[in-house]
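*Asks:* Input: one structure, supplied below.
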């Protein structure tokens, strides 16, 4: 069976969707499927793409359209689309939703009519087309499934929670981990991993770091760019290889993710697998954790409020080692029981056998 997976990019370090696609390819390769990933790199020479790629809003729509058409030319037996990427395919497809554009817009674009039109009514429209035409739809969290039903009127989405390799992502020695990244040994460290886009509330993270500056608590950012913040307690680390990330999580004391919107962030699952406590916003996959780990609910916040995040981070930093270890054990248990790669593989293989 020949399968084309449509990804925004072929670079598996760009973002969560790209990582998802490469994990899926690895799973399907081992099951003897013939799998190829296509991305923007395959259509960059297109005159249409060159013309539209710098036009905000339109660029993503054109990319999604061209990738679907390119996939059809390769004549696979099945196309796996992600969000709106590949909405134009005429072949049998599975659509994966990582958190809908429509819900993202309702959370992020309340005060910007232009962005709301683009995200909800343009991107959301074509994402809905991809959802509607797919033979099967996969949601990466229960909240994503609910948003597919609410916005795109499809009620049969299958929930397959995002997953990580729990053999790779395990707790490492703290001092050795700090040494690996040349991090201060005598400081408490707050960690953020991911792109510092508007979705991740960088303006709030700045205010948090500023509040902790006098307490000599440092913020570590494993991200895509260095921000010129006027703060003395920020450390930026770029292009951290995947195999070194478990050491970075283990070096730090608290993981933060103040997202305005999520499907189910890989960084959150990775942090939990490495037994680091967190303070996060109650969106996407965080709702799964909220439901299944009552002891950690107080660290899953309804509001993106600087003072609330500050107080909860401070609470973790002041915990005894005994209390902290008890709670951090629960984070890894959650991943092993719900988000292991083995569980994820089993569910995807079952789905593929159903669609053959």
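*Asks:* Taking only DSSP H segments of four or more residues, each worth -39500 (n - 2.57), what value at 222 nm results for the chain once the sum is divided by all its residues, to the nearest 500 deg cm²/dmol?
*Replies:* Values: 15 runs with 156 residues, N = 356.
It lands at -13000 deg cm²/dmol.
*Asks:* Quickly work out the residue 30-to-residue 47 label distance, labels modelled 7 Å from Cα along the C-beta direction, and quote it in nm with one decimal.
*Replies:* Output for this residue pair reads 4.6 nm.
*Asks:* Please find the FRET efficiency linking residue 230 to residue 72, where r is the Cβ-Cβ separation and R0 is fixed at 51 Å, and quote it to the nearest 0.05. Spell out each step's value before the answer.
*Replies:* Values: r = 51 Å, r/R0 = 1.00.
Using R0 = 51 Å, I get an efficiency of 0.50.
*Asks:* Suppose we keep just the DSSP beta bridges with both residues in the chain; what percent of those would be antiparallel, to 5?
*Replies:* Numbers: 1 of 38 bridges.
Antiparallel bridges make up about 5 percent of those DSSP assigns within the chain.
*Asks:* So in region 1-141, what percent of DSSP beta bridges are antiparallel if you round to the nearest 5?
*Replies:* Here the antiparallel bridges make up roughly 5 percent for region 1-141.
*Asks:* Over the Cα atoms of region 156-260, how large are the radius of gyration and the largest Cα-Cα distance (Dmax), in Å?
*Replies:* Using the Cα atoms of region 156-260, the pair Rg, Dmax is 14.8, 51 Å.
*Asks:* Now, a different point. To two decimal places, what compactness ratio does region 219-311 give when its Cα radius of gyration is scaled by 2.2 N^0.38 Å? List each step's numbers first, then the result.
*Replies:* Details: Rg = 13.7 Å, N = 93, 2.2 N^0.38 = 12.3 Å.
With N residues counted in region 219-311, Rg over 2.2 N^0.38 Å equals 1.11.
*Asks:* Where does the Debye-calculated log10 I(q)/I(0) of the chain sit at q = 0.09, 0.10, 0.11, 0.14 Å⁻¹, using only Cα point scatterers of equal weight, no solvent?
*Replies:* Taking Cα atoms of the chain as identical point scatterers yields -0.50, -0.62, -0.76, -1.20.
*Asks:* With the cut-off at 1.5 for a/c, could you classify region 1-55 from its C-alpha gyration tensor as rounded, prolate or oblate? Please list the in-between numbers first.
*Replies:* Working: a/c = 4.15, a/b = 1.91, b/c = 2.18.
Verdict is oblate for region 1-55.
*Asks:* Still on this structure: Packing-wise, with mean Cβ within 10 Å as the measure, how do 194-201, 83-90, 347-354 rank, highest first?
*Replies:* Working: 194-201: 17.6, 83-90: 25.2, 347-354: 14.5.
The packing order, highest mean first, is 83-90, 194-201, 347-354.
*Asks:* Over region 174-338, calculate the relative contact order: mean separation of alpha carbon pairs under 8 Å at least 6 apart, over the residue count, as a percent.
*Replies:* On the way: 264 pairs, mean separation 36.4, N = 165.
Relative contact order of region 174-338: 22 percent.
*Asks:* In nm, what is the difference between 0.36 nm times the number of residues separating residue 333 and residue 115 and their Cα-Cα distance? Don't jump to the answer; show the numbers that get you there.
*Replies:* Details: separation 218, 0.36 × 218 = 78.48 nm, distance 3.93 nm.
Here the segment from residue 333 to residue 115 would lengthen by 74.5 nm.
*Asks:* Determine the principal axes of the Cα atoms in region 174-338, then give the extent along each, sorted from largest to smallest and rounded to whole angstroms.
*Replies:* 39, 33, 30
*Asks:* Right, something else. When each pair of different Cα atoms in region 54-201 is counted once in the 1/r mean, what is the Kirkwood radius in angstroms, to one decimal? Each step should come with its number before you reach the end.
*Replies:* Numbers: mean 1/r = 0.0565 Å⁻¹.
In region 54-201 this quantity evaluates to 17.7 Å.
No value in this document is a laboratory result; all are computed from the given coordinates. The model shown is predicted, which means the values in this text are computed figures rather than measured ones. Cβ coordinates were reconstructed from backbone atoms using ideal geometry, including for glycine residues, and neighbour counts include every protein chain displayed.
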